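Below: the structure, in structure tokens.
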Amino acid sequence: MSSHINKHVNDKFLKWLYTMYSKYREVKGTRGNKHDYLGMEFEFKDKKVVIDMIEYMEEMLDEFPVKFHKNAIVLQIKERS
């Protein structure tokens with residue numbers, strides 16, 4: 001993720017990334033205030049960034065083989081040392 005006041009600097013960086021890494025996998029750039037990266041959603045607004053992973057966590061829980069219920073009680077058993 002890169003940011004610069006001058007958009008041409010980001011253009012040049014993206015071209016460099018493409019030259020270096022496109023032979024290994026797709027290289028793409030996005031512009032704007034919202035970006036997805038490694039399961040995280042970044043939203044830039046009011047000189048702040050909001051990072052959201054709710055959708056990623058929901059998908060992870062949906063795929064987990066043990067299903068958790070909202071009102072379930074979890075017991076922790078301590079092992080003897």
- Message: Only one of Tyr18, Tyr24 is of a type in the set (Phe, Trp, Tyr) and either at pLDDT below 90 or loosely packed, with under 10 Cβ neighbours inside 10 Å (or both). Can you tell me which?
- Response: Tyr24
- Residue check for Glu26: of a type in the set (Asp, Glu) and not assigned by TED's automatic domain parsing to the domain that holds His4: no
- Query: Taking only pairs six or more apart or across chains, which ones have beta-carbon atoms under 8 Å, a first residue in the range 52-66 that is within 15 Å of Tyr37 (Cα to Cα), and a second residue that is modelled with pLDDT of 90 or more and among the charged types (D, E, K, R)?
  - Reply: Asp52/Glu41; Asp52/Glu43; Met53/Glu41; Glu55/Glu41
- In the list Ile54, Ile77, which residue meets the criterion of being out of contact with any helix residue (DSSP H, G or I) (no Cβ under 7 Å at 6 or more places or on another chain), exposed (fewer than 10 other Cβ atoms within 10 Å of the Cβ), over 30 Å from His8 (Cβ atoms) and at pLDDT 90 or above? Ile54
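The values are calculated or read from the model by the stated rules, or taken from the named source; none is laboratory data. Source: prediction; values computed, not measured. Positions of Cβ are generated from backbone atoms using ideal geometry, with glycine treated the same way; all protein chains shown enter the neighbour counts.
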